[in-house]
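Student: Have a look at this one.
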Protein chains: 2
Amino acid sequence: MIRLSKLTDYAVVVMTAMIQGDGGPHTAISLAERTGLPAPTVSKILKLLARDGLMASHRGATGGYRLARAPDAINVAQIIAAIDGPIALTDCVEGAPGACGVESLCPRRGNWDRVNRAVRGALEGVSLADMARPSFPDPLLPKAAPALPATADAI
Amino acid sequence: MIRLSKLTDYAVVVMTAMIQGDGGPHTAISLAERTGLPAPTVSKILKLLARDGLMASHRGATGGYRLARAPDAINVAQIIAAIDGPIALTDCVEGAPGACGVESLCPRRGNWDRVNRAVRGALEGVSLADMARPSFPDPLLPKAAPALPATADAI
DNA sequence: GCAATCCGGACCAAATCAGTACCCTTTAAG
DNA sequence: CTTAAAGGGTACTGATTTGGTCCGGATTGC
C-alpha cells in the first residue's frame, strides 16, 4: 500500500482535537491526554506543524499552540508536507546519479511528476474541516464492522 | 514524503521497456539486461504483475511475458496495486483495535477513505501509455538539471 | 527569581522493505 | 521420451526507514 506516515495520521487527530476545544491555546501535554497519544510524540508533531506555519506557538508560562488558520483553510496536503516532507511518490530524482542505471529509460521521470501533481491536487481538495467533520454517511462503510473490511475500499 | 515502493518504479521501467520492444514475448533475463536492473528483482516484479492480470505469461522453452492489455488500458493505480498491494494511505482500519486508543476521536476513519478515493482517482487518470511517452515539454523541469531540483516540484 | 512551556537537536530500538537464493512445476524442442 | 528453458512460489537476510524518547537551552508570565 502507499504508506502514509503514521505521524501524519496522529497530526490530524491532534488538530481535530484542537478544533473541538475552546479557542484558547493548548499545551502539548493537554493534547496528549485528550488524544491518548504519548506526550513526546505529540510535542514532536506540534513542532513540525509550527515550523511549517500551520500552528501558532506561544512560549512561556501560559504558552501553548493554536491553529494558525481556520480549519477549512488548511488542507491535507499541507499537513502531509509538514510531517512527511515534500510529496513525491518516487525518489527517482535524487542526488544519486548511478541509481537510475540506463539513462535512456529515465525520461519517465517527468511523467512521474505528472502523477505527483495529480495526487497533490487530490490531497489539496480535502480540508482539515472535512477531516474533523464527524463520520458522514458512507454506503461503503456500514459503521458496524471494526473487524477488517479494509480490502473492500482498496483499488 | 509519501513513499511509493521502489519496486513500483521499477515495474514502470520494465513495462515501458516491453512497449518499446517488438510484439514478441520478453524473458525476464532480457528485460533485466535492457533495463539494467538485477534479474531476480525483474523476475519478482513480473510475477507480481502477472498475478494481477497485467501480464500474460507463457511458460516453457520459448516462453516469456507480454502485456495483457494495451498500454493505454493500464493505469498507474493498477500497477501500484499489483506491486504494493491495495492503495490505502493509513492503516487506521486494521485488525488491531487497541492501536487507535480513544475511540471517540476515530470517526475521522471514514474521512481518510474520502482522501483515499481522491488519490485513487488521480492515479487511475494516468495510463501506462502516458508514462511511456518520452519526456514531454514541462515548464517546471528544464531537462538540463540532473542534480536535484526535486524540492521545486514538491507541495 | 522561579516555574512552566516551547525549541532544537541527537539518539535508539523496532518494523519494514529491497534484494537474493533456492527448489518445483510447466512447456516446448530435439 | 528426454532434456533444457522458462515461469511459480517460498523463505531468508541485510539495510534503510521510521516511530518514539530524551536532554539541554531559550523564552515568557507570575
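The values are calculated or read from the model by the stated rules, or taken from the named source; none is laboratory data. All values reported here derive from a predicted model rather than from experimental measurement. Cβ atoms come from the backbone with ideal geometry, glycine included; neighbour counts cover every protein chain shown. Side chains included, ligands, DNA and RNA excluded: accessible areas come from the protein's heavy atoms. Shrake-Rupley method; radii C 1.70, N 1.55, O 1.52, S 1.80 Å.
Student: Counting only Cβ atoms, what residue of chain A lies nearest to the axis that sends chain A onto chain B, and how many whole Å off?
Tutor: A:ALA122, 2
Student: Tell me the distances, shortest first, between A:ALA56 and the same position across the other copies, using label points 7 Å along Cα→Cβ, in nm to one decimal.
Tutor: Distances between equivalent label points, in nm: 6.3.
Student: With every protein chain present, what accessible area does B:TYR65 have (1.4 Å probe, heavy atoms only), rounded to the nearest 10 Å²?
Tutor: Surface accessible to solvent at B:TYR65 totals approximately 40 Å².
Student: Something else: Which pairs, out of A:LYS6/A:LYS44; A:LYS44/B:LYS6; A:LYS6/B:LYS6; A:LYS6/A:LYS47, put more than 18 Å between their alpha-carbon atoms?
Tutor: Flagged as over cut-off: A:LYS44/B:LYS6; A:LYS6/B:LYS6.
Student: Give the accessible area for A:THR16 in Å² (nearest 10); use a 1.4 Å probe, count only protein heavy atoms, and leave out ligands, DNA and RNA.
Tutor: Rounded to the nearest 10, that gives 10 Å².
Student: Sticking with this structure for a sec: Hey, what's the per residue convex hull volume over the C-alpha atoms of the range A:1-61, in cubic angstrom?
Tutor: So the per-residue hull volume is 98 Å³.
Student: Please calculate the 1.4 Å probe accessible area of B:HIS26, with all protein chains present, and give it to the nearest 10 Å².
Tutor: For B:HIS26, solvent-accessible area is about 20 Å².
Student: What gaps in nm, shortest first, separate A:SER43 from its twins in the other copies when you place the label 7 Å past Cα toward the beta carbon?
Tutor: Counterpart label points of A:SER43 in the remaining copies fall at 5.1 nm.
Student: What are the nm distances, shortest first, from A:GLY23 to its equivalents in the other copies, labels at 7 Å along Cα→Cβ?
Tutor: Spelled out, the distances from A:GLY23's label point are 7.1 nm.
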